[in-house]
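Taking it in order: structure first as structure tokens, then the write-up.
The values are calculated or read from the model by the stated rules, or taken from the named source; none is laboratory data. All of these numbers come straight from a predicted model, not from anything done at the bench. Every residue, glycine among them, receives a Cβ derived from its backbone with ideal geometry; neighbour counts consider all protein chains shown.
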Amino acid sequence: MYEKVFYGCSLAGCGGTEKTIIVGASSTPHAEILSAVKDTLKEAGWQLKIVTYGDYVLPNIALESGELDANYFQHTPYLENFNKERGTRLAAVAKVHYEPFGVYGKNVTAEDFASAKTGRTIYVPSDGTNCTRALLLLQEEGYLTLRAGVGASDALTDKDIAEKNGNEVVLVAAEQVPAQLRNAADGALAVVNGNYALASGLRIEDALALERADSDAAQLYANVVAVKEGNEDSEKTKALLSALLSEKTIAFINGAVLPVFSV
């Protein structure tokens with residue numbers, strides 16, 4: 001869908017006169033969201049070039065080196081850790097969307113989910129922030145209680161569960177959670193992160209519960225636009241954010257992923 005090309009430098013930086021913004025992004029949904037605002041930028045006198053990446057390292061390296069004007073694929077904790085480990089100087093300039101964690105059930109109605117909060121098997125992703133977000137969502141819905149003092153910035157595991165309320169919490173690799181739910185007995189639940197839900201055919205509108213946009217986890221792990229430090233207020237950055245943080249973007253993304261900004 002998008003041309004995967006790596007540029008040695010931005011057009012503006014190579015002596016060209018065309019007003020161009022080059023942004024690196026993951027193909028789904030980031031490049032799709034950027035593509036939706038191309039016309040808005042064109043009307044403002046800018047050409048938007050999208051470079052798609054299949055990993056989470058190269059778009060930051062390209063941004064640091066000046067091949068990109070911005071990138072859009074990561075959340076702030078990942079960016080901050082990348083800067084620390086790699087010595088890069090990249091800055092988040094705007095939160096755009098989050099890919100909500102949802103609770104899905106095997107033949108579980110909304111009424112059953114709200115009233116029968118004990119005796120269930122619940123599949124939860126086992127890794128890092130995925131586990132943290134899943135456990136926080138289950139606590140919010142009344143299915144378990146975490147030990148006091150933990151929050152979205154902590155690396156939680158099942159050892160941080162103080163009370164399971166009679167439920168069995170089963171930790172599996174994040175990508176395997178949808179399959180575990182498909183093969184589970186009726187009444188089972190699974191907490192699935194947004195990209196794996198989409199990939200497995202789970203519809204966000206069928207989720208029994210979703211992370212709220214104003215939750216600590218959604219705000220902390222919102223996907224951001226990043227630029228190299230010093231370019232936070234550049235003409236290109238301002239133009240990109242003006243187009244991206246718009247009603248048009250909200251209308252385009254609301255449903256599969258959810259916006260964390262308002263206009």
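When S153 is tested against the conditions (1) of a type in the set (G, A, S); (2) surrounded by 18 or more Cβ atoms within 10 Å (Cβ to Cβ); (3) under 18 Å from A213 (Cα atoms), the lone failure is (2).
Annotation note: of L137, L171, the sole residue that is modelled with pLDDT of 95 or more, under 29 Å from V225 (Cα atoms) and not assigned by TED's automatic domain parsing to the domain that holds E64 is L137. Taken over segment 211-224, the criterion of being outside any loop (DSSP other than H, G, I, E, B) and surrounded by fewer than 18 Cβ atoms within 10 Å (Cβ to Cβ) is satisfied by D216, Q219.
Being modelled with pLDDT of 95 or more and either of a type in the set (A, V, I, L, M) or closer than 30 Å to G87 by Cβ (or both) holds for only one residue in L181, L198, and it is L181.
The set of residues in segment 23-39 being over 15 Å from the mean Cα position of the chain (by Cα), among the β-branched types (V, I, T) and within 14 Å of I250 (Cα to Cα) consists of V37 alone.
Which one of these is surrounded by fewer than 15 Cβ atoms within 10 Å (Cβ to Cβ) and closer than 30 Å to A25 by Cα: R182, R86?
R86
Quick one: would you say A173 is surrounded by 15 or more Cβ atoms within 10 Å (Cβ to Cβ) and small (G, A, S)? So A173 does not fit the description; no.
Taken together, S115, S153 contain a single residue that is small (G, A, S) and at pLDDT below 95, which is S153. Please verify whether P77 is in a loop (DSSP other than H, G, I, E, B) and within 30 Å of G142 (Cβ to Cβ), treating the condition exactly as stated. Taking the combined requirement at face value, the residue does not satisfy it.
Selection over segment 129-159 of residues that are among the aliphatic types (A, V, I, L, M), in a loop (DSSP other than H, G, I, E, B), under 21 Å from K117 (Cβ atoms) and in contact (Cβ under 8 Å) with a residue 40 or more places away in the chain gives a count of 0. In this structure, A162 does satisfy being surrounded by fewer than 13 Cβ atoms within 10 Å (Cβ to Cβ), touching a residue at least 12 places away in the same chain (Cβ under 8 Å) and assigned to a strand (DSSP E or B).
Restricting attention to segment 185-193, does a residue exist that is out of contact with any Ser or Thr (no Cβ under 8 Å at 6 or more places or on another chain), assigned to a loop (DSSP other than H, G, I, E, B) and modelled with pLDDT of 95 or more? Checked segment 185-193: at least one residue is out of contact with any Ser or Thr (no Cβ under 8 Å at 6 or more places or on another chain), assigned to a loop (DSSP other than H, G, I, E, B) and modelled with pLDDT of 95 or more. Restricted to segment 25-36, and to residues there that are in contact with a Leu (Cβ under 9 Å, 6 or more places away or on another chain) and crowded, with 20+ Cβ neighbours inside 10 Å, the residue that is modelled with the lowest pLDDT is P29. The C-beta contact set for segment 236-254 (first residue polar (S, T, N, Q), second residue in a helix (DSSP H, G or I) and modelled with pLDDT of 95 or more, distance under 7 angstrom, 6+ apart or interchain) comprises S246/T40; T249/I33; T249/A36.
Taking residues in segment 99-120 that are touching a residue at least 40 places away in the same chain (Cβ under 8 Å) and buried (at least 22 other Cβ atoms within 10 Å of the Cβ), and partners anywhere that are part of a loop (DSSP other than H, G, I, E, B) and of a type in the set (D, E), the pairs with Cβ atoms closer than 8 Å and at least 6 places apart or on different chains are P100/E211; F101/E211; G102/E211; V103/E141.
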